[in-house]
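The values are calculated or read from the model by the stated rules, or taken from the named source; none is laboratory data. Since this is a predicted model, take the numbers as computed values, not measurements. All Cβ positions, even for glycine, are placed from backbone atoms using ideal geometry, and neighbour counts span all protein chains on display.
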Amino acid sequence: MGEARSETKGRVTISRRGAERLRAGHVWVYRSEVAEARDVQPGALVTVQEEALFRPKQLSGKSVRLTGPRVLGSALYSTASEIAVRMISSKPVSDLEQLVRERIRAAIAYRGRFVENTNAYRVIFSEADFLPGLIVDRYNDLLSMQIVTQAMDAEAMRGVVVSELLEAFNPVAIVERVDPRVRRLEQLAEKESGVIYERTRTLLAGETPVAPESDGGSTSAGAGRGRPSPHNPLKDGVGTAAHVNTKRQVTTEVQMNGVRFVYEALGGQKTGAFLDQRENYTAAAQYARGEALDVFCYQGGFALHLAHKCSRVTGVDSSRPALEMAEQNALLNGREIEWIEANAFDLLRDYADAGRQYDGVVLDPPAFAKSRQNLQTALRGYKELNLRALKMLRPGGTLVTCSCSYHVSAADLLETVTAAGVDSHRNLRLLENRGAAKDHPSVLGIPETAYLKCLILLVT
Ligand code: SAH
């Protein structure tokens with residue numbers, strides 16, 4: 001795969017402001033901060049330098065260059081995205097393919113060290129693993145991959161990624177999940193979600209073979225090896241369960257913290273699980289008792305974890321397919337949970353007005369603030385939800401309240417919940433101030449990697 005070896009021909013000159021951000025530990029440069037881009041192709045490996053500082057010298061009557069252009073490192077360039085430059089190294093990079101291989105191995109080793117008690121976790125998380133534009137999740141024996149930048153979408157790069165993944169995991173299948181909106185924004189060719197690699201297997205009687213979609217041939221490198229993975233980061237003890245059927249639906253079963261979940265890689269919502277909440281499930285369950293309400297429950301992540309500690313658990317979500325999956329998960333775990341399809345805002349208002357009481361409430365809404373502009377509206381939404389939840393909590397109950405909006409900071413959320421506490425005349429004690437699970441690393445200097453907040457509060 002020598003074609004993935006890129007020469008750094010392109011050179012991008014960035015403004016002082018962009019350079020300052022990089023010096024503070026960030027890895028992005030916005031298009032408005034690009035002063036000049038020379039020899040840049042979509043997705044190219046480029047050298048990034050800071051604009052030279054000129055200061056006119058009166059004496060000679062000529063401009064004298066005091067500081068030459070300072071090279072800041074190597075980056076992957078996008079000709080379409082508002083984020084024009086994503087740094088990949090502070091050093092010159094001569095062999096991008098080799099660097100990406102090393103980064104993938106390091107990401108897998110990190111999970112081997114810090115991820116426990118699950119066979120579903122994020123293996124590679126883009127900038128948080130210094131692999132901008134690449135996301136890979138493991139669901140037991142399946143891998144799900146998402147590519148969101150021109151650089152990672154290059155055929156040769158895909159080959160590198162897939163061959164590393166096959167080597168490390170020997171998965172039954174790799175599916176690619178496509179977000180059409182992201183591909184359009186990045187000016188990438190249209191593509192559909194689907195299976196991009198399938199391990200060859202013996203066909204069952206009466207089954208017709210389905211040819212796996214090839215990915216330039218490079219993905220079949222590890223096909224049919226059938227040997228165990230040399231690197232098995234987790235001792236999960238769950239046998240191969242994945243199944244790719246003739247309609248190309250891919251399903252498997254995963255376990256997190258001993259709780260079982262069905263995973264449909266190309267199913268209705270195509271979102272997979274919210275793996276970033278995995279450690280918060282255990283934390284929430286630690287304090288759970290009595291009656292619990294899981295609001296914005298999706299496929300039941302919190303509800304199923306609370307069920308073994310509570311006498312009664314109710315999950316609420318507006319998505320019927322999510323609730324159907326939640327019920328399948330409940331059956332799989334032998335739990336009885338009540339699922340309600342409703343708008344959470346309406347339901348909380350009605351339940352609070354009707355005087356319903358709970359010992360625990362979980363609030364895990366979708367990102368309300370998609371941009372800085374609607375932060376205030378978003379905060380009003382969070383306040384209302386928290387206020388209603390607090391009204392329904394019995395003294396000694398716990399509130400688990402989350403925000404996955406990057407634009408809502410940890411301080412914003414704390415302030416909002418504090419105000420809700422004041423308005424509802426309740427005292428709140430902070431039991432835990434948490435973020436995403438460790439397979440979604442939060443990198444200092446890149447605040448976008450610390451998007452998830454989860455507060456656990458004792459309410460009296
Ligand atoms: N707690 C879940 C993840 C929640 S994601 C877990 O751990 O897996 C947010 C969920 O909110 C989605 O399932 C979405 O269907 C649901 N949702 C969005 N708007 C809603 C609304 N107004 N009322 C109820 N549910 C809503």
Residue selected from region 388-436 under the condition within 15 Å of the ligand (Cβ to nearest atom) and charged (D, E, K, R), by the criterion farthest from Leu455 (Cα to Cα)
Arg388
In contact with an Asp or Glu (Cβ under 7 Å, 6 or more places away or on another chain), within 13 Å of the ligand (Cβ to nearest atom) and part of a helix (DSSP H, G or I): does that describe Leu323?
yes
Within the set of pairs 6 or more residues apart or between chains, which connect a residue that is touching a residue at least 12 places away in the same chain (Cβ under 8 Å) and under 21 Å from Ser311 (Cα atoms) inside region 336-365 to a residue that is assigned to a loop (DSSP other than H, G, I, E, B) and near the ligand (Cβ under 8 Å from one of its atoms) with Cβ atoms less than 6 Å apart?
none
Failed criterion for Val316 (all others in (1) over 21 Å from Ala283 (Cβ atoms); (2) within 15 Å of the ligand (Cβ to nearest atom); (3) of a type outside the set (Lys, Arg); (4) within 27 Å of the chain's Cα centre (by Cα) hold)
(1)
Does region 129-136 contain any residue that is farther than 15 Å from Ala107 by Cβ and touching a Lys or Arg at 6+ places or on another chain (Cβ under 6 Å)?
no
If you scan region 337-352, which residues turn out to be in contact with a Lys or Arg (Cβ under 9 Å, 6 or more places away or on another chain) and either away from the ligand (no atom under 14 Å from the Cβ) or closer than 15 Å to Gln299 by Cβ (or both)?
Ile337, Glu338, Glu341, Ala352
I need the full set of residues from region 354-382 which are assigned to a helix (DSSP H, G or I), more than 15 Å from the ligand (Cβ to nearest atom) and either under 23 Å from Gln286 (Cα atoms) or in contact with a helix residue (DSSP H, G or I) (Cβ under 8 Å, 6 or more places away or on another chain) (or both), in order please.
Leu375, Leu379
Just to be sure before I move on: is Pro56 in contact with a Ser or Thr (Cβ under 8 Å, 6 or more places away or on another chain), of a type outside the set (Phe, Trp, Tyr) and at pLDDT below 95 in the structure I sent?
yes
Selection count where residues are among the hydroxyl-bearing types (Ser, Thr, Tyr) and either near the ligand (Cβ under 9 Å from one of its atoms) or within 16 Å of the chain's Cα centre (by Cα) (or both), scope region 268-307:
3
Taking region 132-169 and keeping only residues that are surrounded by fewer than 24 Cβ atoms within 10 Å (Cβ to Cβ), more than 18 Å from Glu198 (Cβ to Cβ) and among the aliphatic types (A, V, I, L, M), one is left with Ile135, Val148, Ala154, Ala156, Val160
What's the number of the condition Glu415 fails, among (1) out of contact with any Lys or Arg (no Cβ under 9 Å at 6 or more places or on another chain); (2) surrounded by fewer than 18 Cβ atoms within 10 Å (Cβ to Cβ); (3) in contact (Cβ under 8 Å) with a residue 40 or more places away in the chain?
(3)
Tally of residues being within 21 Å of Asp346 (Cβ to Cβ), surrounded by 16 or more Cβ atoms within 10 Å (Cβ to Cβ), over 22 Å from the mean Cα position of the chain (by Cα) and not hydrophobic (A, V, I, L, M, F, W, C) across region 382-412
4
Looking at Asp276, Asp317, can you tell me which residue is in contact (Cβ under 8 Å) with a residue 12 or more places away in the chain, buried (at least 23 other Cβ atoms within 10 Å of the Cβ) and not polar (S, T, N, Q)?
Asp317
When (1) closer than 28 Å to Thr252 by Cβ; (2) free of Cβ contacts under 8 Å to residues at least 60 places away in the same chain; (3) not polar (S, T, N, Q) are applied to Glu82, the one that fails is (1)
Restricted to region 73-97, and to residues that are polar (S, T, N, Q) and under 11 Å from Leu45 (Cα atoms), which residue is surrounded by the fewest Cβ atoms within 10 Å (Cβ to Cβ)?
Ser94
Grab the helices (runs of 4 or more DSSP H) fully contained in region 75-190, keeping just those with 2 or more residues being modelled with pLDDT under 95.
180-185
